[in-house]
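Shown next, in structure tokens, is the structure this report addresses.
The values are calculated or read from the model by the stated rules, or taken from the named source; none is laboratory data. As the structure is a computational prediction, the values presented were derived from the model and not from experiment. All Cβ positions, even for glycine, are placed from backbone atoms using ideal geometry, and neighbour counts span all protein chains on display. Surface accessibility is based on the protein's heavy atoms, side chains included, excluding ligands, DNA and RNA. Shrake-Rupley method; radii C 1.70, N 1.55, O 1.52, S 1.80 Å.
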Amino acid sequence: MSECIFCAIVRGEVPADIVYQDERVTAFYDIHPAAPVHVLIVPNAHIARAADVTPEDAAVVGELFVAARRVAETLEVSEGYRLVVNNGRRAGQSVFHLHLHLLGGRAFTWPPG
Ligand code: DGP
């Protein structure tokens, strides 16, 4: 998946402000922040969309949430943050490597746009 920008970030080939990384998960600041805290949490192995997640991916998908908790604690937004997954262009997905958006540092409304 050499053409995938998030794969390149995970490999360290494209610079990013990484806030957490382990063998299976990487978290880095979004280049176009939509909140005072806006971090993307991705599996290191390429999965294009939430709709492509298989039972074999269940463990790493869980690890995304564990990493989100860790990032929220590190960045001191645990009291209120939003996790978002855009699946497909119609839902606003622009990078086709599965990612959680962790948004915090401000209040959020519902429903989202
Ligand atoms: P989505 O639209 O849900 O697929 O979110 C993709 C996000 O990725 C979007 O908020 C902008 C961010 N993004 C795109 N390219 C880069 C990049 O090269 N570096 C970083 N840090 N973020 C990126």
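Mind listing whichever residues of region 78-96 are under 22 Å from Glu3 (Cβ atoms) and in a loop (DSSP other than H, G, I, E, B)?
Result: Val85, Asn86, Asn87, Gly88, Gly92, Gln93, Ser94, Val95, Phe96.
Can you tell me which residues in region 1-37 are in a loop (DSSP other than H, G, I, E, B), of a type in the set (Ser, Thr, Tyr) and touching an Asp or Glu at 6+ places or on another chain (Cβ under 8 Å)?
none
So which of Leu40, Leu64 ends up being within 25 Å of Arg106 (Cα to Cα) and either assigned to a loop (DSSP other than H, G, I, E, B) or within 13 Å of the ligand (Cβ to nearest atom) (or both)?
One residue alone meets the criteria, Leu40.
Name the residues in region 12-24 that are away from the ligand (no atom under 13 Å from the Cβ), more than 15 Å from Ala72 (Cα to Cα) and surrounded by 12 or more Cβ atoms within 10 Å (Cβ to Cβ), would you?
Asp22, Arg24
Would you check which residues across region 66-97 are open to solvent by 40 Å² or more (accessible area, probe 1.4 Å) and under 18 Å from Val10 (Cβ atoms) and list them?
Those that are open to solvent by 40 Å² or more (accessible area, probe 1.4 Å) and under 18 Å from Val10 (Cβ atoms): Val66, Arg70, Val85, Ser94, Phe96.
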